[in-house]
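The values are calculated or read from the model by the stated rules, or taken from the named source; none is laboratory data. Remember, predicted model here, so these are calculated numbers, not experimental data. So basically every Cβ, Gly included, is an ideal-geometry build from the backbone, and we count neighbours across all protein chains shown.
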Amino acid sequence: MPTVMIVDDSAYVRFVLKDRFKRRGWEAVGVSGGEEAMTQFPQLRPDLITMDVLMPNMDGIQTVKAIRARWDGPIIMVSTTTQGGQDMTWRALEAGASDFVGKPSPQEPLDRVITQIIEKFEAIRRPFYGKPIRPLAANLPSLAISTRVVVIGASTGGPKAIGTVLSHFKAPWSIPVVIIQHMPPNFTASLAARLSQIVGVSVKESPLSPDICSWHSGQIILARGGYHLRMNEHGLWSEEGVRVHGVIPAVDTTGLDGVRIFGGDLCMAILTGMGEDGAEAAFRCRQAGGQVMVQDPASAVVWGMPQATINRNAASLVGSLDEIGVWLNEVIHNGKPVS
């Protein structure tokens, strides 16, 4: 029976989370804050820790840092949708948290939140089984000099991974970059602001239809949470739709648009995340003559999406986040501007 330690200063939240975990067959223990967590977790030896973000005295960021110095197991942040809660969530991920979920709400009922936490836990703990990994090629820039648009897809562990990749980008560059991160509504605006700080260029959240963001050089567009990001020859926008692979936004939805529009002039990067989203678009991209980079298992929080892409024989190159960032920086500077 797996054990979860629930760290939250609200007695009510601890009670309801413990109750729902126990209904799923888990042993659940609640602690009231960071100080108690540091005392309890060495004896408890949990399989999973859920962590509130905003707590008095020792907050979620401080607690994650302290636990990470002694333990490398999965820590899932349970975040509020307030601006302060969102900003601290990104800092907690940078401090070493594995991933996050939003606190229960009318849009995200409690049982669905518990399901998300358990699915993330299982994905993080799951070993990878895949085809042999090709080494990173030496002459990277020459592989994508015709690229007109870059699409980056990520899920579990993605916000930190995307930040690492973007930290290698040197402005100005010549082609657009589109990012699809599996994320609920209300979080992508603050993530865009956080990524803007990292890259030093304004990262924009995609507009809702009927508005459209026209293509131009040097832009970075982040898919709006809870909507699919669509593209055509004139630009890109977000719209409602059914979930693909159980997620919205989905990498495949945007990536397949990209293949239809740009063909072999599309470049994709598939980063950490559970599931198979992005593998189909990556496969079609390679068929059309485009290039696909996937994150290696050593640096991925979850190797599901990169593994699925490799298993479709869709990967051109495999590398660490730093290698992907260096490679994509060359791509965006040597690509062909969208006209």
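Take the residues in region 8-45 that are part of a helix (DSSP H, G or I) and small (G, A, S), then tell me which one is farthest from I61 (Cα to Cα).
Of all residues in region 8-45, those part of a helix (DSSP H, G or I) come to 11-23, 34-44.
Applying the additional criterion that residues be small (G, A, S) yields 11, 34, 37.
On the way: A11: 20, G34: 9, A37: 13 Å.
Only one residue tops the list, namely A11.
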Picked from region 50-83 (must be basic (K, R) and assigned to a helix (DSSP H, G or I)), the residue surrounded by the most Cβ atoms within 10 Å (Cβ to Cβ) is K65
Checked region 166-183 for anything farther than 20 Å from S214 by Cβ and within 12 Å of the chain's Cα centre (by Cα); matches are Q181, H182, M183
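Just wondering, is there one or more residues in region 315-338 that are aromatic (F, W, Y) and over 18 Å from the mean Cα position of the chain (by Cα)?
Filtering region 315-338 for residues aromatic (F, W, Y) gives 327.
Filter again for over 18 Å from the mean Cα position of the chain (by Cα), leaving 327.
Among the residues of region 315-338, at least one is aromatic (F, W, Y) and over 18 Å from the mean Cα position of the chain (by Cα), which makes the answer yes.
Of the residues S174, S146, S167, which single one is of a type in the set (S, T, Y), at pLDDT 95 or above and farther than 17 Å from S79 by Cβ? Reasoning before the result, please.
Numbers: S174 fails: at pLDDT 95 or above; S146 fails: at pLDDT 95 or above.
Answer to the selection: S167.
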Only one of G325, G275 is touching a helix residue (DSSP H, G or I) at 6+ places or on another chain (Cβ under 7 Å) and outside any loop (DSSP other than H, G, I, E, B), namely G325
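Check region 280-296 and report whether any residue there is touching a Cys at 6+ places or on another chain (Cβ under 7 Å), in the same structural domain as P172 (by TED's automatic domain parsing) and assigned to a loop (DSSP other than H, G, I, E, B). Write out each step before concluding.
Taking region 280-296 and keeping what is touching a Cys at 6+ places or on another chain (Cβ under 7 Å), we get 290-292.
Now restrict to residues that are in the same structural domain as P172 (by TED's automatic domain parsing): 290-292.
Next, from what is left, pick out any that are assigned to a loop (DSSP other than H, G, I, E, B): 290.
Yes, some residue in region 280-296 is touching a Cys at 6+ places or on another chain (Cβ under 7 Å), in the same structural domain as P172 (by TED's automatic domain parsing) and assigned to a loop (DSSP other than H, G, I, E, B).
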Within region 234-271, residues being in a helix (DSSP H, G or I) and either of a type outside the set (V, I, T) or touching a His at 6+ places or on another chain (Cβ under 6 Å) (or both) number 11
Original post:
Any residue in region 223-233 that is assigned to a loop (DSSP other than H, G, I, E, B), in the same structural domain as G289 (by TED's automatic domain parsing), under 15 Å from the mean Cα position of the chain (by Cα) and more than 16 Å from G153 (Cβ to Cβ)?
Top reply: yes
Checklist entry - Does R24 satisfy the condition of being in contact (Cβ under 8 Å) with a residue 40 or more places away in the chain and either assigned by TED's automatic domain parsing to the domain that holds I118 or closer than 27 Å to S190 by Cβ (or both)? => result yes
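Does Q86 satisfy the condition of being surrounded by fewer than 17 Cβ atoms within 10 Å (Cβ to Cβ) and not in a strand (DSSP E or B)? Reasoning before the result, please.
Details: surrounded by fewer than 17 Cβ atoms within 10 Å (Cβ to Cβ): no; not in a strand (DSSP E or B): yes.
Judged against the criteria, Q86 is not a match.
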